[in-house]
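Remarks on the structure that follows.
Throughout, read-outs are computed from the coordinates displayed, never taken from laboratory work. From a predicted model like this one, the values you see are computed outputs, not experimental measurements. Cβ placement follows ideal geometry from the backbone for every residue including glycine, while neighbour counts extend to all protein chains displayed.
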Amino acid sequence: MGRGQKGSSGKSEKMKDESPAPEDYEKGRICRFPLLVAVLQLLLGVAVTVVAFLMLAISPSLLARETPHWAGIILCLVSVVGLILYCVTHRPDERSSLQFIVKLLYFVLCAVGLVISVLVMAFAGHHYSQASGFSCQQAGEDCACTLQPEDPVARTFTYEGVTDCESVTSTLTLYFLLQILLNLVQALVCAIATFIMWKHRYQVFFAGLQIRSPTWQKV
């Protein structure tokens, strides 16, 4: 009788040893989707930066708000922090202070990235609607554009170093539209990343309270 109990207990202990650790399962479950979000942030940040430099290649006189390469670079840095968080410093239940600091930094940077993407969308939308109504004429090596060509006192927008005004009225307008779309997707991705960080932070907190509750310990 005692041998049978001993054999069954040894078998159950062996089954327990072979079962996956809950911490490893939780780590794999948590890391998959947020890691994809961080990779998307990186790809979108690179795309925003590349499009911005292509816009700057059309005319060097474009302002910084018209060529948001700075926004793309910032969002690339945000994604790098996310990749470090989910690939290097990840520990279950925030057991290291380093992970908590990186989590907090990533949360703040994602919120800032969301605001930056919305600002870039606003600027790009304004310039897209403006460039769509341009009437441009070649002025030497520059391109002079205006919204109301019949008005002699209308504001004139001069794009330096542009030998073909078609690149302003068509190519540059297309780049503004691309910036709107890319930053819209980037804003959604940053919002999702912010929500994931907030949700995971409080889910871990309440799960910890439940695991350490007296009722759980009695069971």
- request: With a cut-off of at most 12 other beta carbons within 10 Å, and DSSP calling the residue loop, which trypsin sites (Lys or Arg not before Pro) in the range 88-187 qualify? Please list them.
  value: ARG95, ARG155
message: Starting from 0.36 nm per residue, how many nanometres of slack lie between LEU56 and LEU77 once their C-alpha separation is accounted for?
response: 5.4 nm
message: Can you tell me the length gained on complete extension of the stretch VAL115 to GLN148, counting 0.36 nm per residue apart and subtracting the Cα distance?
response: 8.5 nm
- request: Work out, step by step, the length gained on full extension between LEU63 and LYS199: first 0.36 nm times the residue separation, then minus their alpha carbon distance; give nm to one decimal.
  value: 45.1 nm
